[in-house]
Amino acid sequence: MVLTHGTDTLEETAYFLDLLWDREEPLVVTGAMRSPNLPGTDGPANLLSAVVAASSEEARGLGVLVVLDDTVHLARLVSKTHSTGVWTFQSPGWGPVGRIAERKLRLMLKPARMFDPLPVPSADPLHIPIVQSPWADDGMWVTAIASNNPRALVIEASGVGHLSEATADACEQLMKDGLLVAMVTRTGSGTTLEHSYGYPGSEEDLIERGIIPGDSLLAVSSASCFTYS
């Protein structure tokens, strides 16, 4: 199956579908960066590459894939990294799992799926804000945003998962009040850590307070996971 999608929110849709996809056959999501009236439009080539990937036996068991620019990515790793480039979809810190050449999927890696498919969530509206917290943040925005009663809160923290002590204190109080809080790295690639730093506001301190580390997920992917909270 191939699904065409606008590129602005393609990565969010692909990851969310990957949480639900329970079939061996791949579901391939693709789009286009150049409209049909522009020279060098990439839509037809991307659609053909997506069909090639979807019909390949090698792609079975990989879940949802994103295919653009003859490049094959896992939905859980891919991000739009440039506003206009046809090469915009990348898997920062990890790289693609394959490429399309001569109308054939050339799979370089075949990672195992890391989770069992989840049930379809309810259709109720969700409110999960994403907050970027710079160093020396006083925690005011976290508290103010939480006053709107979101389902959960995702914070883009510095480095491997670091917040100011004031923001860490604010998050701890929110969790005591019953709000789920996760932190991811704002660097755009890499992973949060667990035991490298121990000062107030470090990743070890935040985890001890109950903040959920996002590991290698970006903020939008972490928000998708909270659909099930």
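With respect to Val86, determine if the residue is surrounded by 16 or more Cβ atoms within 10 Å (Cβ to Cβ), part of a loop (DSSP other than H, G, I, E, B) and among the β-branched types (Val, Ile, Thr).
When the stated conditions are applied, Val86 passes them.
When you go through (1) open to solvent by 60 Å² or more (accessible area, probe 1.4 Å); (2) in a loop (DSSP other than H, G, I, E, B) one by one for Val51, which number turns out not to apply?
Of the numbered conditions (1) open to solvent by 60 Å² or more (accessible area, probe 1.4 Å); (2) in a loop (DSSP other than H, G, I, E, B), the odd one out for Val51 is (2).
Pull up segment 89-108, narrow it to residues that are under 20 Å from the mean Cα position of the chain (by Cα) and of a type in the set (A, V, I, L, M, F, W, C), then point me to the one that is surrounded by the most Cβ atoms within 10 Å (Cβ to Cβ).
Phe89
What tally of residues in segment 92-115 results from selecting those that are in a loop (DSSP other than H, G, I, E, B) and either touching a helix residue (DSSP H, G or I) at 6+ places or on another chain (Cβ under 7 Å) or free of Cβ contacts under 8 Å to residues at least 60 places away in the same chain (or both)?
The total comes to 12.
Going by the structure shown, is Ser196 touching a Phe, Trp or Tyr at 6+ places or on another chain (Cβ under 8 Å) and over 30 Å from Asn46 (Cα atoms)?
Against the criterion (touching a Phe, Trp or Tyr at 6+ places or on another chain (Cβ under 8 Å) and over 30 Å from Asn46 (Cα atoms)), Ser196 does not qualify.
Mind checking whether some residue in segment 9-27 is without any contact (Cβ under 8 Å) to a residue 60 or more places away in the chain, open to solvent by 10 Å² or more (accessible area, probe 1.4 Å) and of a type in the set (Lys, Arg)?
Yes, because at least one residue in segment 9-27 is without any contact (Cβ under 8 Å) to a residue 60 or more places away in the chain, open to solvent by 10 Å² or more (accessible area, probe 1.4 Å) and of a type in the set (Lys, Arg).
For segment 31-48, enumerate the residues that are part of a helix (DSSP H, G or I) and either crowded, with 20+ Cβ neighbours inside 10 Å or touching a helix residue (DSSP H, G or I) at 6+ places or on another chain (Cβ under 9 Å) (or both).
Answer for segment 31-48, where residues must be part of a helix (DSSP H, G or I) and either crowded, with 20+ Cβ neighbours inside 10 Å or touching a helix residue (DSSP H, G or I) at 6+ places or on another chain (Cβ under 9 Å) (or both): just Asn46.
Just checking: which of the helices (runs of 4 or more DSSP H) contained wholly in segment 116-229 hold 1 or more residues that are loosely packed, with under 13 Cβ neighbours inside 10 Å and among the small types (Gly, Ala, Ser)?
Answer list for segment 116-229: 140-146.
Based on what the data block shows, is Pro111 surrounded by fewer than 21 Cβ atoms within 10 Å (Cβ to Cβ) and under 20 Å from the mean Cα position of the chain (by Cα)?
yes
All but one of (1) farther than 16 Å from Leu109 by Cα; (2) in a strand (DSSP E or B) hold for Leu65; state the number of the condition that does not hold.
For Leu65, the exception is condition (1).
When the residues of segment 54-79 are narrowed to those that are surrounded by fewer than 24 Cβ atoms within 10 Å (Cβ to Cβ) and in contact with a strand residue (DSSP E or B) (Cβ under 6 Å, 6 or more places away or on another chain), which ends up nearest to Ser189 (Cα to Cα)?
Across segment 54-79, the extreme among qualifying residues is Thr71.
The values are calculated or read from the model by the stated rules, or taken from the named source; none is laboratory data. Bear in mind that the values here come from a model prediction, so they are computed numbers and not experimental data. Quick reminder, even Gly has a Cβ in these numbers, built from the backbone with ideal geometry, and neighbours come from all protein chains shown. Surface areas here come from the heavy atoms of the whole protein model, side chains and all, with no ligands, DNA or RNA. Shrake-Rupley method; radii C 1.70, N 1.55, O 1.52, S 1.80 Å.
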